[in-house]
Structure formats: C-alpha cells, structure tokens
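Colleague: One structure, as structure tokens, below. Some questions next.
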Amino acid sequence: MSQFSAEDEAELQCLLRQLLKSVKERISGAPSVECAEEILLHLEETDKNFHNYEFVKYLRQYVESTLGAVIEEETDNCTKGDGHVIGSGQDTLVHAVTRRTRESAQYKQMMQTLKQTMMVIVESLINKFEEDQLKKEEMHRKSQHEQSSSHYTDNCSDSDSSFNQSYAFIKQEQLQVISEKLDPSRPIEVRWEALQSLCCAPPSDVLSCESWTGLRRNLSAALADPDLSDKVLRFFAKTFSSSPLNVTREIYTSLVESLESDFMYHKIGFSTESAGVDVNRPDIARLLKQMRLMNDFQKEVTTFWIRHPEKYMEEIIESTLTLLSLHPEHGIGNHGSEKSLDPVHFVSLLDIKATWFTKWMHGYYSRTVVLRLLERKYKSVVSSRRFHKHILLIAELTGKCFYNSSQRSFYSAKELEYAFFVHSLCVLGRLLMYTNGRKLFPIKVRKRRDPVSLTDLVVILINIMYQHPNTSYAIHSTHTALPLPFLLNCRVAWEEVLLDNLLNFAATPKGLLLLQQTGAIHECVTYMFSRFTKKLQVSRCEKFGYGVMVTQVAATAPGIVALHSSGKFVAIVVELWSTLECGREDIRVVHPKSTPMDPIDRSCLKSFVTLVNLLSSPHAVWELLGHQALPNKIEYNLREMPTSIIDVMDRLIVISSDAKIHSLFNYEQSHTFGLRLLSVMCCSLDSLLLLESQYKLSDILLQSQKDNYIIDGLTVERNHLLVRMSVTGGPSERTLPPRALDKGSDPYPWPMFSSYPVPNCYVLDVTKASRSKQGKKLVYFFSMLPFLHFIFFFFSFFKYLFILTLWVLADLVERAVLHLSSSPANCFFSPAEYKGQCQFKGGNNCVPGVRSDRSLTRALLGYLRGGYPGHDWFASTVFLLMGGDVGRSLSLLLRFSRLLPSAFLWPPRVYSSVSTQYSPQAALTAPQQLCWLDQCFWNYLDWPEICQYLATCIILGPDYQVYMCIAVLKHLQQDILQHTQTQDLQVFLKVRSLFMRGVQRLPQNYFKALFSFYH
C-alpha cells in the first residue's frame, strides 16, 4: 500500500482545517477540552451535513480505493458459502463482511498509515495555532490604547484565524479583573473596555469562573445603562448562538431578571396626553431590543432543550412566566396620569401570533412543564392578561390595520391593546387545545365578582362574531391572528372531548344502542379508529380499552357497518397478510426463517384474536359476507394483497383451486390460520348456516380430504372442523377429534371424515327418556298445587332439576306459560293477531311430517319472527321439547310471545316487536356469551341440560338467564384467568363445551345468593 505524498498531506491538512472552521461554533462553547473532543467524536450523530464535508469525502474515497477489492471478495465468499463460519450473533451478510474486512491485513495496514499521517498533520496545525496566538496577543497590546480612546467603535473581530476563537481560553484572574471593571461605580470608559474584553472570551469560561455571581450582577446593571446595553446584548447573543443549554440558561435568566427589575422599579408607559407610544424613545427602544433577544431565544430553544435535563428547561419556562405575570400594580412608580405597559405589550408587538408559546406547547416534553407551572404557581398569567377586560375593544378595531409592511415608530393606545388582545387570544387558543389547559378554567379575573368559565369566554367571542358578521378580522401583512382560528381550535377540541365521552357509551350494550339510535355511531367509530392507527392511548373518558369497545360494537349490524366504513377491516387484513405471508423483516439474512411450531404463529396471534372478536356475532358475518360471492379467480398475482373479509375467505379458508394454493408463500401455515378462524366462526350456528348455504363449505372440505392421501396438519385440522360443522350436540352427545398428531406408532387413530355419513365414533349414543309412573305422579302433584306453591317447590328443588325427565319438564313449562298468559297483568306484549285460519289439525297428536301443518307453521313463525335474519333456535328448542308436536309447540309459543321473558329468551320475537337489530339480552351478558344465548346453548350443553335451562328461565323468570351465565363463568373462573394470560380468552369461550354438572357442584345456595344480591 502506498504512503501519503507531501501533496496529499497538504491537501488533507487544508481539508481538516476547513472542517474545524465549519464546526468552530460547536466546539467554542465547550466547557473543557475533553468536551470539545466528545463533540468531534460524535459529530456524525449530531451534524446533518457531516457527509458533505470535503474531509469526510476524501476519507471515504481513500477507504473505498484501499478496501474495495477486499470487501467484494469477502461478499462473494459469504454469498457462495465457501466454508467460512459465520458467528451465531451476526446473522446478516453485512455483519459478516464487516467483521472479516476488519480482520484483514489490508485494513490493519491502512489504519496504521492513516494514523501516522494524521499525527503529522495535527502537530502542524497545533504549531500554526500557537503562532497565530502570539500574533494575536501582540496585536491586542497595540490596539489597547486605540480602544480606550474610541470606546464606541467595536474592533473585536473573530476573522483573524479560524482557531483563535475556538481554542482561546481566558484565565480566572482576567475574568476577576473584568468583573471588577464592570462595577457600576467605575467610569463608563472602564466598563466599556471590560465589556469589549468579555465579548472576546469563550462564554463557557465566563460562566464557570468563580466571580460569575458578581459579574452577572454587574452585567444586569449594565443592561440598564443606555450606553452599555447594546454591548451586553452582543455578548448575550454570542452566548445564545454558540453555547449549550446549561450555559445559555444562565444568560437567559439574567436577561429576564433584568427585564423584571425594569418593570418592577421603573415607570414603563406613556402619558395619557400623548395617546400612544413612540418606540424610538430611548427607554422603550432599549427594552424592545432586550425583549427581541429574549423572544428569539424562546423560539429557538425548543429545538435543543429536549437533549438536556428537564430542570434547565423548567428554569427557563418559570423565569418567563414570572416576567409575564407582572402587572402595573406590581410596580412602585405608577401614576394616574400615565398609562402603564406590561411585558406582554412588548412581546405582542414583537410576536403578535405568540409563535414562542405555540412552539413551547407543541411538544409533550415542554407542554407538560408549562401546564404544570401554570396550574400550580402562575395561573395569574392566564387570569389577569387583561384579555377579559379589553375583549370588547376588538369590536371598535375590526377591519383596521395596525401593522403593515413599512417601518413604524408610533402605536396608539388602542393599537397596543389590540396587539395585547390578539397575542392573548393566540395563547388562550393554544391552551384550550389540550385537556390540562382547559382544566385551568374557571379563572378568577380582577374586578370581576364571578370566575370566568370556559363557556363564558366562548360565549363572548361568539357574540362578537355574531354582532360583526361582515367584518374582516384579518391583520395586514404576515401578522394574522383572529378569534376565528381560536374558535375553530376550540371546536376541534370540543368535538374530540365529545367523541371521547361518546366512546365510553360504546363499551356498554345500552350505550351502544343509544349511539345507533342517534346516528353518532359512525363518527365515534371513525374517531376511535383514527386514534388507534396513531397508536394513541385510550382517553381518560373511556373506562375500557379499544379491544372491548371494538368487540362490543361488532356485535351489532350497525356497529359492524360503521367499523367497515372507518377502514378498520382493511387495516386488520393488510396487517394480517403482511405478517402471515410477507414476514416482519424485509432484509437478506444468512439463516432462513424458522418454521413455526404452533398452528398459529405468535406473530399472527394478535390478528387472529382481533378477527375472532370482530366476527364473533352472526350479525357481523351477515353484514360482511351476506350475499357476497367469492372471487374465485383463475390466477392470483403474488403481489395482490387482500383488503377485506371476503378476500380472507377466498385466499385463506375456501382454498378450492391450485391457483389459490400457488398464490400463498406459506400455504400450510396460512391455510391452517384460515381453518382455525372458520372453526371459531362456526361456533355460532347462525354463521355456520350462512357460510354453508353460500359457499358449500362442507363439500369443499370433504373434497380436500379425498384429494389428500397423507395425514398431515391440514388433514387433521379439516377433520376436526368437518365433525364440528356436521354433528350437533353437547359434550356428552358428540366427540370432536383432536387437532394434533400423537407420538408413537399410531399418531392419529381417529377415522377420517371424507364422505357422509359421519363416522359413528363421533356421535355418542343417547338414552331416550320414557314416561314413568313416578313422572306422572310428580306432574299430577304439581298440577294440584296453586301456582305460587308450585313456584316455591320448583325454586326449592332447583338444584335437583336434572333428575326430572324431559316430558315432565315439558308439562311443567306448558302449565306455567298457560297460567302466566291467562293473567293480563303478566302480558307485556299484545296478542299476535295473525291474519289467517289457525286451525291445528289433530290437536296434540300432530306430527311434523304433515304438509298442511308445515305450511301453517312456517307462516305463523314467520309472522312472529318479523324478518329476523338468523335461525329461530328458541322455537326449535320448544318444538323438540314438546316431542315434535306442532300444535302443542305453536300454542305454547303464541302464549309465551305475550310475556316479558320472551324478549330475553326469544331473540326473533323481540326483533319483530322493537324494530331493531339489537337484542335486550345483550344488555345482560358480554358479547362472548351471546352465542350461548342466541342458540339456546346448542353445542355447549347436553340436550337435557338445555331443556332444564329453558324451563328454569320460563318458570322462574328471565333473571335466571343472567344467573345461569354467572354460574358458568364462576365454574370456569380458573380457566378464564389462565386464558386471559395467554390472550386467547375469546377463542376459549367460543369453542369450550360446558358441563352442567360442574355448575351443579357450586354451593347449594349459590343461585339463591345471586337472586338476593340482584334484588
């Protein structure tokens, strides 16, 4: 490798000198040499122009020319797999190539050569710096006499050498002398000379000296001197532009304290006879310059104070609020013949739109501190800004331009108050955009008996706009600050608060019904989804998380329509597809992605649970998939991404062609995901009937089983799903095959379901009940009792209800409904006035095979159901409980339809009565349990237990529907806690069969305790 030539070293030295000159402002404010070194070491992280410096470009080109061939060779070796071992901790190709390159001999030789060359260059620069320093000291001694004789001329220059200012340090003794010379008792010439020397010293050395306290006091005194104020401001400005926050905060607080002293102990105002303020007046001009420097720093400090401790920022904010909280009565030199000016008057003239406050309130880091200080210590900044006192002044000044592009030197009293008003309006508008800002109201205003509430303030502003509807509120030039933007900001804030409160309604069934009836459901869901996509936390107004509210909303047809229109489903499906098919990382890795061991990978579990929540209700399935055909395309583009639930059905569930199989990168994993989702959806029998009738799912799954000659994960999953879809019954009436293969010689001993009929091992034998003599005697005994005694005995022997045969239960239910419907006091609904001949042929001996009875039954049930989209599982349960007797079933249903319990036990009946797609039973239980109640616990309980549940709720009242659900949840308490931790509780509640015997093992008085508690 060739060494650097003399010309190369000279060029490199020049480039390094340019680099140091570019960053001199950064390193000149460093408090020590070590800090300056740290700034240079981390320059690439903090300087956005780092890679544009010529020195950096030169080094990059040198590295590429030296190591380019080595990098290419190592890249080829890694990609071709030449036998080199890549460490387990370095998975990517870049890491491997980087490690090998740094271990190469070429790299080590390059670093040695570069190090030796840079040592020579740096030593040359140091020598040059020392020569320049000697020249500067000599020139400084020659110019001392000239500076003292013409102290109004600024001869301090930093253009002699690029390193003079960056690396010049001042001794503590010199600063002590400067501090003594700045004492107010010294002559003006001596103080001017001291300020001149101070301007040439590094600010970090000045603030770290032992005499800083006295120097700071003397600088504040110099600010009040018209002859020295500009020179002090020059030193302050230099410090602001080249020093870190821990240095500038000291200067800023000194400037603010000096201004505070001026307003406290001097008369700042104008006589009432002059009717205005001349900004060329010396005292006004001096304060405006100081205020201008303060305001400039306020607007720039937000860009870097987040990188420093919060106490520095808090000190700056608190000193500012202290200054702005001053008012004329705080001073000691006010007279009635003069009109006093506040600090806010000066800030308003310089920054009428309150840009400084807007920037302070923009970031959460600083906004929190501002609002906390306003609430605790400086609420007077808001309450006494004379905004409320002069608010009606805008009515006189609307349409007048007090600011224009030309230079002005005089402002009338009304124009000053107008500027004050607009500046205050912008500050208040910004405060009211945030919740904690609105909490500052109501505020106590001087000379007003009652506090001013937020409503009072808005009413005043609206009245002004109403009284002057045609008046332009615009201010000429770039200074535009109006009540209108304020009101718009308030309106946006209020809308957000309102939607937050309305979202709280969405967490409860009754509240959700109110949102649907008022038409606010769409706005609320759209707002909730917008907050969710921005990853914002749930508002304090909302007691539940987004997951609970989304699940609750998705349980109803209007809610699912609102979710669909908000874009929620598109986002969920796209996220699912990105995780399932595209993977989480789009980078080239040496090792391939590991094959997931679980049927549903952990990365997809969140999407799976979200879809289960959204599709748990048959109303959601109907709205999203009803009357929609599958695309079934001939060819699928690999880059085509699904965006809807029908696309998920087409691409992941109903895979009926080779084109769909070839369109998936992870066919087995993706199809397993779809089958698991379909399995949970089909737990709702209404959803199962809809999907089966539209897409012939059983035929497609059976055909897939026939085409598959091996037993794999998909075959086992389809076998489980087919049995679940084809066999109806409780845990003792059907057996569902497992979803996983066992270890051993026979991994899957269960028969495959590939054609009808279903294998016998999946359908368990059920003992048929017969009419016994004991049952007849029990029915006769109950028939002889008065109804109240009958209810008492039934309630007392409720725990032993399972010993009753089904025909005994049928007789008891029939007698109870007959007695209740015969009393007008118990009839909540009007009798069904079915137009037509309701003649039940054969009386109680009708069978469901008679054609005339079938048409009559369909017509009457259709009237009672009133267009309910799902199947009537309650009527089906009653029909089977009555032994298939059509006449007996219809008679009981007609009588029961008049009773209030029918609104809770018979969803189709209340659908026709209330003209809504929202069942009152939803107000009793969570959405996960609606599947239990809508289908009368079919596929969850055994048939005798379903009949016992129905008889209990009809005889004892619909409250026992709630008690039943509570008892089931109590029985499943440990399982619920476990599945809550594994985040699959919703899936567990949907697919878990229930054992009534477990509920019966609860304490003997459990249902009585529930009855007493809820009454």
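Colleague: Identify, by number, the condition in (1) modelled with pLDDT of 60 or more; (2) over 14 Å from F904 (Cα atoms); (3) buried (at least 18 other Cβ atoms within 10 Å of the Cβ); (4) in contact with a Lys or Arg (Cβ under 9 Å, 6 or more places away or on another chain) that D975 doesn't meet.
Modeller: (3)
Colleague: For the range 954-963, which positions are open to solvent by 10 Å² or more (accessible area, probe 1.4 Å) and either touching a Pro at 6+ places or on another chain (Cβ under 9 Å) or within 23 Å of Q986 (Cα to Cα) (or both)?
Modeller: Scanning the range 954-963 gives G957, P958, V962.
Colleague: Shifting gears a bit: Looking only at residues in the range 156-173 that are under 17 Å from L207 (Cβ atoms) and under 57 Å from the mean Cα position of the chain (by Cα), which one is modelled with the lowest pLDDT? Explain how you work it out, then say what you get.
Modeller: If we filter the range 156-173 for residues that are under 17 Å from L207 (Cβ atoms), which is where we start, we get 165, 168-173.
Still in the list and also under 57 Å from the mean Cα position of the chain (by Cα): 165, 168-172.
Numbers: Q165: 36, A168: 48, F169: 59, I170: 72, K171: 77, Q172: 78.
Per the criteria, the residue is Q165.
Colleague: Scan the helices (runs of 4 or more DSSP H) fully inside the range 640-718 and keep the ones with 1 or more residues being farther than 17 Å from V621 by Cβ and in contact with a helix residue (DSSP H, G or I) (Cβ under 6 Å, 6 or more places away or on another chain). Quick ask: steps written out before the conclusion?
Modeller: Details: elements: 645-648, 658-662, 667-681, 685-695, 697-707.
Ranges flagged: 658-662, 667-681, 697-707.
Colleague: Among the numbered conditions (1) of a type outside the set (V, I, T); (2) at pLDDT 70 or above; (3) under 17 Å from the mean Cα position of the chain (by Cα); (4) surrounded by fewer than 19 Cβ atoms within 10 Å (Cβ to Cβ), tell me where R540 comes up short.
Modeller: (2)
Colleague: How many residues does the range 33-77 hold that are within 41 Å of the chain's Cα centre (by Cα) and polar (S, T, N, Q)?
Modeller: Looking only at that region, the number is 3.
Colleague: Next up: Suppose we filter the range 80-129 for residues that are open to solvent by less than 60 Å² (accessible area, probe 1.4 Å), among the hydroxyl-bearing types (S, T, Y) and at pLDDT 75 or above; how many remain?
Modeller: 6
Colleague: Tally the residues that are closer than 21 Å to R26 by Cβ and assigned to a loop (DSSP other than H, G, I, E, B), restricting the search to the range 187-210. Give the steps one after another, and end with the answer.
Modeller: Here is the first cut: in the range 187-210, the ones closer than 21 Å to R26 by Cβ are 199-208.
With assigned to a loop (DSSP other than H, G, I, E, B) added as a condition, the list becomes 200-202.
Count: 3.
Colleague: Could you list, ordered by first residue, the pairs with Cβ atoms under 7 Å in which the first is in the range 37-62 and open to solvent by 80 Å² or more (accessible area, probe 1.4 Å) and the second is modelled with pLDDT of 80 or more and part of a helix (DSSP H, G or I), at least 6 apart or interchain?
Modeller: Note: pairs meeting the criteria are E44/F50; E54/L15; E54/Q18.
Colleague: Which condition breaks for Q983 when tested against (1) assigned to a helix (DSSP H, G or I); (2) at pLDDT below 85; (3) surrounded by fewer than 18 Cβ atoms within 10 Å (Cβ to Cβ)?
Modeller: In the conditions (1) assigned to a helix (DSSP H, G or I); (2) at pLDDT below 85; (3) surrounded by fewer than 18 Cβ atoms within 10 Å (Cβ to Cβ), Q983 misses (1) alone.
Colleague: Going through the range 558-571 one residue at a time, which ones are part of a helix (DSSP H, G or I), surrounded by 20 or more Cβ atoms within 10 Å (Cβ to Cβ) and of a type in the set (G, A, S)?
Modeller: Correct list: G559, A562.
Colleague: Within the range 695-709, is even one residue surrounded by 15 or more Cβ atoms within 10 Å (Cβ to Cβ) and closer than 20 Å to Q986 by Cβ?
Modeller: Scanning the range 695-709 turns up no residue that is surrounded by 15 or more Cβ atoms within 10 Å (Cβ to Cβ) and closer than 20 Å to Q986 by Cβ.
Colleague: Moving to a separate point now. Pick from the range 169-188 the residues that are of a type in the set (K, R) and under 12 Å from A222 (Cα atoms): which of them is most open to solvent (accessible area, probe 1.4 Å)? If you could, list the steps in order and put the result at the bottom.
Modeller: Start the filter on the range 169-188 by keeping residues that are of a type in the set (K, R), which leaves 171, 181, 186.
Next cut, under 12 Å from A222 (Cα atoms) only: 181, 186.
On the way: K181: 61, R186: 97 Å².
The residue in question is R186.
Colleague: Please verify whether the range 250-264 includes one or more residues that are at pLDDT below 80 and of a type in the set (A, V, I, L, M, F, W, C).
Modeller: No - not one qualifying residue is present in the range 250-264.
Colleague: Still on this structure, I have one more. Could you list, in sequence order, the residues of the range 719-737 that are outside any helix (DSSP H, G or I), under 20 Å from G674 (Cβ atoms) and open to solvent by 10 Å² or more (accessible area, probe 1.4 Å)? Working first, answer last.
Modeller: The first filter runs over the range 719-737 and keeps only residues outside any helix (DSSP H, G or I), leaving 727-737.
Next, only the ones that are under 20 Å from G674 (Cβ atoms) stay: 736-737.
Across the range 719-737, the qualifying residue is only L736.
Colleague: What are the residues in the range 867-897 that are polar (S, T, N, Q), within 28 Å of E692 (Cα to Cα) and open to solvent by 20 Å² or more (accessible area, probe 1.4 Å), if any?
Modeller: If the condition is that a residue be polar (S, T, N, Q), within 28 Å of E692 (Cα to Cα) and open to solvent by 20 Å² or more (accessible area, probe 1.4 Å), then S876 is the only one that fits.
Colleague: Moving on. Can you list the helices (runs of 4 or more DSSP H) found entirely within the range 357-450 that contain at least 1 residues being touching a helix residue (DSSP H, G or I) at 6+ places or on another chain (Cβ under 7 Å) and modelled with pLDDT of 80 or more?
Modeller: Values: elements: 364-376, 380-383, 393-397, 413-431, 435-438.
Output list reads 364-376, 413-431, 435-438.
The values are calculated or read from the model by the stated rules, or taken from the named source; none is laboratory data. Worth saying up front: this structure is predicted, and the values here are computed from it rather than measured. Reconstructed Cβ throughout: ideal geometry from the backbone, glycine too, with neighbour counts over all protein chains shown. Side chains are part of the model used for accessible areas, which takes the heavy atoms of the whole protein and leaves out ligands, DNA and RNA. Shrake-Rupley method; radii C 1.70, N 1.55, O 1.52, S 1.80 Å.
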